[in-house]
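Shown next, in structure tokens, is the structure this report addresses.
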Amino acid sequence: MPDGAPDLQAPAFADFQNEIYARGLADETPKLPLGFSGLEERARELLSAEAFDYVAGGAGAERTMRANLLAFERWKIVPRMLRDVSVRDLSSSLLGTALSAPLMLAPVGVQSIVHPEAELAASRAAAAQGVPFILSTAASHSIEEVAGSMGEASRWYQLYWPKDQDLAASFVHRAEQAGYSAIVVTLDTWMLGWRPRDLGHAYLPFLKGEGVANYFSDPVFRAALERTPEEDPGPAIGHWAYQFSNPSVTWSDLAWLREQTVLPIVLKGILHSEDAHRAVQEGVDGLIVSNHGGRQVDGAIGALDALPEIRRAVGGELPVLFDSGIRTGADVFKALALGANAVCLGRPYVWGLAIDGQEGVEQVLRCLLAELDLTLALSGYTALAQLDGSSLIRSA
């Protein structure tokens with residue numbers, strides 16, 4: 001866990017609730033719902049059935065999605081009393097990236113299906129709130145466009161490792177040149193899981209040219225085509241489909257990736273302690289405990305259930321992030337207490353994007369950070385380093 005004394009200049013995220021109450025004196029209420037279920041329902045009203053189900057859905061019977069939420073239900077916070085919590089500091093540093101709070105925006109692809117500004121709006125919102133943004137390879141705007149939208153704000157790049165190593169190297173080099181601070185390799189999506197909601201609509205947005213901006217803008221990808229994607233998109237989409245699925249990647253390939261970049265390498269999708277231990281042996285710089293939000297393997301372990309054992313397997317020094325199931329500030333608190341250095345937020349910010357673009361994402365972030373700050377204080381803590389397993393109790 002990150003350590004350090006509270007910083008008197010640290011932002012008081014909890015003040016957002018005072019701002020909301022003050023605006024209420026002028027009969028102004030928040031533009032977006034403040035809870036996840038309300039966000040989801042509002043987004044359902046605004047989006048096509050295909051787009052909504054693509055974001056909301058999971059693999060198979062969606063049991064892994066439910067397992068993610070139930071895992072949080074099993075852990076209960078045990079508040080402590082009579083401690084001075086008037087000043088709190090949620091800041092830390094992760095792989096050279098400064099965090100004003102233990103939060104990043106998870107890599108979510110093909111955001112153009114929920115809002116025309118897609119990753120540009122989401123990344124600007126992250127920058128405005130001081131939250132690092134992780135850009136997906138499957139984005140609707142290119143590596144360079146998103147970097148331009150963020151200025152000097154912190155960003156990481158998530159790699160879907162394609163079949164062609166030259167293309168993989170090109171993605172990584174572009175991210176490095178565009179000021180991204182780490183490479184996140186997603187391990188659980190070498191092929192798409194069985195997703196009945198998408199199959200019921202016969203809907204895969206990439207086949208309609210959505211979410212392929214990084215491919216279509218890449219010089220290696222374009223060199224493999226007889227005609228440019230702009231001239232003839234059909235063959236380009238076919239080449240995307242060929243490149244995307246690459247289930248032959250193994251541990252031994254990480255050495256090649258390390259040769260391509262000086263950036264830290266983070267592995268996303270680790271759920272087994274033996275894989276976590278192997279990652280340490282391979283010299284990776286960090287892990288993300290994740291089951292892809294329940295979108296890949298139906299009936300898999302809830303990500304939070306895997307987190308404590310992963311932390312034990314790697315020790316206290318290796319950065320461990322967490323995603324899959326984060327809905328509230330209390331969820332963030334629990335993940336931190338169980339060993340995460342930071343969490344990655346996914347679906348909630350996508351619903352904010354769908355409802356109100358950049359402003360919608362910003363409200364989602366401000367709500368989550370305010371609730372985390374309040375939960376920390378009301379539970380008797382002032383800094384992230386104070387959280388550990390004793391902050392929680394596991395219910396039967």
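The values are calculated or read from the model by the stated rules, or taken from the named source; none is laboratory data. Given the structure is predicted, the values throughout are model-derived calculations rather than measurements. Cβ: placed from backbone, ideal geometry, glycine included. Neighbour counts: every protein chain shown. Ligands, DNA and RNA are excluded from the accessible area calculation, which covers all protein heavy atoms including side chains. Shrake-Rupley method; radii C 1.70, N 1.55, O 1.52, S 1.80 Å.
Residue by residue through the range 128-141, note down the ones that are farther than 15 Å from residue 344 by Cα and open to solvent by 10 Å² or more (accessible area, probe 1.4 Å).
Correct list: 128, 140, 141.
Within the range 310-334, which residues are closer than 19 Å to residue 272 by Cβ, of a type in the set (D, E, K, R) and touching a strand residue (DSSP E or B) at 6+ places or on another chain (Cβ under 7 Å)?
Passing the criteria: 311, 323.
From the list 229, 247, pick out the single residue that is over 22 Å from the mean Cα position of the chain (by Cα), surrounded by 19 or more Cβ atoms within 10 Å (Cβ to Cβ), assigned to a loop (DSSP other than H, G, I, E, B) and not small (Gly, Ala, Ser).
229
So residue 83 passes all but one of these: (1) assigned to a loop (DSSP other than H, G, I, E, B); (2) open to solvent by 70 Å² or more (accessible area, probe 1.4 Å); (3) out of contact with any Phe, Trp or Tyr (no Cβ under 9 Å at 6 or more places or on another chain). Which condition number does it fail?
Condition (3) is where residue 83 drops out.
Looking at residue 279, is it open to solvent by 40 Å² or more (accessible area, probe 1.4 Å), free of Cβ contacts under 8 Å to residues at least 60 places away in the same chain and over 23 Å from residue 349 (Cβ atoms)?
Answer is no for this residue.
Determine whether the range 316-339 contains at least one residue that is without any contact (Cβ under 8 Å) to a residue 12 or more places away in the chain, outside any helix (DSSP H, G or I) and farther than 22 Å from residue 194 by Cβ.
Within the range 316-339 (the criterion being without any contact (Cβ under 8 Å) to a residue 12 or more places away in the chain, outside any helix (DSSP H, G or I) and farther than 22 Å from residue 194 by Cβ), the answer is yes, since at least one residue qualifies.
Provide a single number: the residues in the range 369-396 that are touching a Pro at 6+ places or on another chain (Cβ under 7 Å), assigned to a helix (DSSP H, G or I) and open to solvent by 10 Å² or more (accessible area, probe 1.4 Å).
2
Can you find a residue that is open to solvent by less than 20 Å² (accessible area, probe 1.4 Å), part of a helix (DSSP H, G or I) and either hydrophobic (A, V, I, L, M, F, W, C) or closer than 18 Å to residue 146 by Cβ (or both) anywhere in the range 187-200?
No, the conditions are met nowhere in the range 187-200.
Could you check residue 145 against (1) open to solvent by less than 10 Å² (accessible area, probe 1.4 Å); (2) outside any loop (DSSP other than H, G, I, E, B); (3) more than 26 Å from residue 53 (Cβ to Cβ) and say which number it fails?
With (1) open to solvent by less than 10 Å² (accessible area, probe 1.4 Å); (2) outside any loop (DSSP other than H, G, I, E, B); (3) more than 26 Å from residue 53 (Cβ to Cβ) applied to residue 145, the lone miss is (1).
Filter the range 345-372 down to the residues that are out of contact with any strand residue (DSSP E or B) (no Cβ under 7 Å at 6 or more places or on another chain) and under 15 Å from residue 120 (Cβ atoms) and list them by number.
350, 352, 353, 354, 356, 357, 358, 359, 360, 361, 362
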